[in-house]
Amino acid sequence: MINDHLDKIQDKIIKELYANEENESERIKLLLCEIEGIEKGISDLQGNQNNIRQHASELQTFLALKHIEKEVSDKAECIQSVLKNEDMKIKTLALEVNKDVQNICRADCFGSVSVGSKSCKVVIDSNKNKEAQMMIPSLISKCIDDIKLSNKMEINLKSAGGVFTGCAILPNGKMMFGDSDNQNLIVLKRNGMPEFEIPLGTRAFDLAYFEREGSIAVTSGFVSNVIHIIDLNSRTIKRTIKSSDTPYGIALKKTVLVCCKSGKGIMEVQLNGESEKALVSFRMPHFSYVAVHGDNIYYTNTDSSSVTCFDILGKKWEFKDTQILQYPQGISIDNNRNVYVASRDTNSEPICYIFVCYYIMYMLQ
């Protein structure tokens, strides 16, 4: 009789335990479904954002991202709401022992199962809440008069016997030059000494380095109509993008390539080569170069001896002065948005070209 009585008490407490466990498990499953729904929504937003950045124009991207920003804000509020939910608290099952259990004849149960809870340790802190506290260092723009040019290093490439129309300086200080005549890429150490060469099989016109893939893009210029993507680790061409138009100057704009294409204009080319779109459409002359700074695109026009700046809304300005700028080619921008242009024919000699760097200071917002 005692054993039967204890078995009944045991069954009763176990049933109560299982009932509480099942109830809490169901609430956890519902909470997980809600979180998975939020996660899927966020993944969809990320996918939409990537597609927009790859295929939409700058203006379309700006407008679409403003809409996505509102949806992201709603998702953030959902997440904060879930964190405050009672079901997000850590649940523990405990046995509260019945004092009458000491008198086994009067005890009808061992005790009762209680569900305790304590706050969840997960904390999500939005960057938006930190914006007011973020200290942004003030940038003092250097006047062009304060910039002093000095000869840091002389590199003699005469021994290579080629024609060099493009170069790139890597973050580690290494220098790369495209040898158009010998159809290869020459890599120098930061001290200017040769390190290795990469044969291309086509001419090499201009270079653009993208650190994320550890690769460099090389345009062929006239004749070949291709863009090589070279893996610097394996020192091989990992893919070649074929073009219907001759690619000349090239630059990196976030995660896509911006390229001058003869007769077509300035094109945005995906790194995988699957798609491209026109950023500026016009009859682009041969041997033009391009540079990117923020939302601005700068390019040189060898036919009109001019330098032009475009943004997402269109043409911002054009500089033209044939007394100091004739047949402009290479172009670069510093952090203060000063524009440096290599003018081929401003100073020239019968045998060799002397590239003289001129600056154009346009601090337009």
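In this simple spin-label model, placing a label point 7 Å from the Cα along the Cα-to-Cβ direction at both residue 169 and residue 231 gives a separation of 2.9 nm. Listed by chain and number, the lysines placed with their C-alpha closer than 21 angstrom to that of residue 320 amount to none; residues fewer than eight positions away on the same chain are left out.
Bridging of residue 242 to aspartates and glutamates at a Cα separation below 16 Å is possible for 206, 268, 274, 276, once same-chain residues fewer than 8 apart are set aside.
Whole number please: convex hull volume per residue, Cα atoms of segment 199-348, in Å³. List each step's numbers first, then the result.
On the way: hull volume 18.0 nm³, N = 150.
That works out to 120 Å³ per residue.
Roughly speaking, to the nearest percent, how much of segment 151-216's 1.4 Å accessible area is carbon and sulfur? Roughly 48 percent, rounded to a whole number.
Distance between the 7 Å Cα→Cβ label points at residue 190 and residue 56: 4.1 nm. Looking at segment 258-315, the GluC sites (Glu not before Pro) that sit in a DSSP loop and have at most 14 other Cβ atoms within 10 Å of their own Cβ are 274. Considering all C-alpha pairs of segment 1-110, those separated by over 22 Å amount to 60%.
Ignoring lysines fewer than eight residues from residue 158 along the same chain, the ones with Cα atoms less than 22 angstrom from its Cα are 174, 189. Annotation: per residue accessible area for segment 137-260 equals 55 Å², rounded to a whole number [probe 1.4 Å, protein chains only].
Between residue 70 and residue 332, the FRET efficiency from the beta-carbon distance, with R0 = 45 Å, is close to 0.75. Annotation: segment 184-247 has a Kirkwood hydrodynamic radius of 12.2 angstrom, from the mean reciprocal C-alpha pair distance.
Set the bar at 23 Å for Cα to Cα. Now go through 254/315; 70/253; 75/254 and name every pair that lies beyond it. Pairs exceeding the cut-off: 70/253; 75/254.
To the nearest Å, what is the center-to-center distance of segment 1-39 and segment 184-221, using C-alpha atoms only? Cα centroid to Cα centroid, the span is 66 Å.
Between residue 77 and residue 63, the modelled label-to-label distance comes to 2.5 nm, taking each label 7 Å out from Cα in the direction of the beta carbon.
The values are calculated or read from the model by the stated rules, or taken from the named source; none is laboratory data. All of these numbers come straight from a predicted model, not from anything done at the bench. Using ideal geometry, Cβ is built from the backbone for each residue, glycine included, and neighbour counts are taken over all protein chains shown. When the accessible area is computed, the model is the full protein with side chains, heavy atoms only, and any ligands, DNA or RNA have been set aside. Shrake-Rupley method; radii C 1.70, N 1.55, O 1.52, S 1.80 Å.
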